[in-house]
Amino acid sequence: MAGCGSSDSRRIVRIGHNQSTNHPSHTALVAFADFINEKLGDKYEVQVYPSELLGSQTDMVQLTQTGAIDFCIASNAILETFSKNYEIFNLPFLFASEDAYHNAMDDPAVTSPIFDSTIGAGFTAVTWLDAGTRNFYTVDTPIYTPDDLKGFKIRVQQSPTNIEMMRLLGGSATPMGFGEVYTALQSHIIDGAENNELALTDNGHGDVCKYYSYDMHQMVPDIVIGNNAFLEGLSAEDRAVFEEGFLLINQVQREAWKSGVEAAKEYAQNTQHVNFIYPDQAPFKEACMPLHDSVLAGNPALQPIYDLIQEYNEMYPSAAE
Ligand code: GCU
């Protein structure tokens, strides 16, 4: 190291996430780190910690709350235990299509009331990331209808909405952190899980689970959250550069997501020999719809946002309609 005797006064900015270094979200965070390090490298050094190196998502949210780290990626699912408003994006069958989902999530009228709701809890959401559609996958029994889930232990994220969703679908919800799922599947502690296609490949779940059933029950975004004290301590100029960087994370991730999912499907089908099943979504949707009413009844402030999402659903209906 050059500069013997000089001390490096750059502020280290730590970002944690739970995906591998092959994952689109990692690619996007590295692009962000490069961007900030290039624009503001005299003041900051952004470091990205993948693969739960800093703990599980829940651990990382708590570290971001206290300022022990500056940013992390958290699934929207687990954020509802920090602010009830996040329940809305965990609702099954909330978005009619991927276009409705993307356009709604790009509209600050939809996201701001949710993203700003944790300011009192010490963190703010700075952008959202695509995490595709969530679908059921099982070790050795195909799922064609909700009846097929009866008696099955299915891993869900640690979120009351997800637990209730599984109850309505007739399965037995087994909440656990993402990093524990592979071993739980392999040792048959659970019969299956639900996630996007990258969980099959990047996390190896497709080595164990041979049936992946596209019921598409949820489109749950991932959320990049930042420590409030850090964000508020930035000068107006530096904050503007960070804001540009947050936008970059979103753009890079969404591009990388499309090709990542295509590659994952190809690998799961041809190398891991996972069978893809396309069941009728209608019975899954019908079983889950009471959850919309109960969540809205429990948090009426979500109603206007829910109504706005319905406008996007009308604009971008499901291809099946
Ligand atoms: C997806 C999502 C993660 C989440 C995981 C899970 O991979 O991108 O943020 O942790 O699902 O099911 O826990």
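The values are calculated or read from the model by the stated rules, or taken from the named source; none is laboratory data. Computed from a predicted model, the values in this text were never measured in an experiment. When we count neighbours, we look across all protein chains shown, and the Cβ atoms used for this are built from the backbone with ideal geometry, even at glycine. With ligands, DNA and RNA removed, areas are computed over all heavy atoms of the protein, side chains included. Shrake-Rupley method; radii C 1.70, N 1.55, O 1.52, S 1.80 Å.
Restricting attention to region 177-187, the residues that are in contact with a strand residue (DSSP E or B) (Cβ under 9 Å, 6 or more places away or on another chain) and in contact (Cβ under 8 Å) with a residue 40 or more places away in the chain add up to 2. Modelled with pLDDT of 95 or more and closer than 21 Å to residue 146 by Cβ: is that true of residue 275 in this structure? The answer is yes for residue 275. Every listed requirement among (1) touching a strand residue (DSSP E or B) at 6+ places or on another chain (Cβ under 8 Å); (2) surrounded by fewer than 17 Cβ atoms within 10 Å (Cβ to Cβ); (3) touching a residue at least 12 places away in the same chain (Cβ under 8 Å); (4) under 27 Å from residue 146 (Cα atoms) is met by residue 269 save one, (3).
Could you run through region 219-229 and say how many residues are within 11 Å of the ligand (Cβ to nearest atom) and either out of contact with any strand residue (DSSP E or B) (no Cβ under 8 Å at 6 or more places or on another chain) or open to solvent by less than 10 Å² (accessible area, probe 1.4 Å) (or both)? Qualifying residue count, region 219-229: 4.
Residues that are out of contact with any Phe, Trp or Tyr (no Cβ under 9 Å at 6 or more places or on another chain) and within 24 Å of residue 143 (Cβ to Cβ): does region 276-283 have at least one? There is at least one residue in region 276-283 that is out of contact with any Phe, Trp or Tyr (no Cβ under 9 Å at 6 or more places or on another chain) and within 24 Å of residue 143 (Cβ to Cβ).
Among the candidates 64, 21, the residue that is within 16 Å of the ligand (Cβ to nearest atom) and outside any loop (DSSP other than H, G, I, E, B) is uniquely 64. Scanning region 165-178 for residues that are open to solvent by less than 30 Å² (accessible area, probe 1.4 Å) and over 18 Å from residue 141 (Cα atoms) yields 165, 176, 177. Scanning region 179-218 for residues that are part of a strand (DSSP E or B) and open to solvent by less than 50 Å² (accessible area, probe 1.4 Å) yields a count of 10. Residues in region 97-108 that are under 19 Å from residue 79 (Cα atoms) and either touching a residue at least 60 places away in the same chain (Cβ under 8 Å) or of a type in the set (Gly, Ala, Ser) (or both): 101, 104, 105. Only a single item in (1) modelled with pLDDT of 95 or more; (2) closer than 28 Å to residue 266 by Cβ; (3) more than 15 Å from the ligand (Cβ to nearest atom) is not met by residue 140, and it is number (1).
So in region 156-176, with the set limited to residues that are polar (S, T, N, Q) and free of Cβ contacts under 8 Å to residues at least 40 places away in the same chain, which one is nearest to residue 193 (Cα to Cα)? It comes out as 174. Here residue 40 meets each of (1) away from the ligand (no atom under 14 Å from the Cβ); (2) under 15 Å from the mean Cα position of the chain (by Cα); (3) of a type outside the set (S, T, N, Q) with one exception, condition (2).
If only residues of region 74-88 that are assigned to a helix (DSSP H, G or I) and open to solvent by 10 Å² or more (accessible area, probe 1.4 Å) are counted, the one that is nearest to the ligand (Cβ to nearest atom) is 87.
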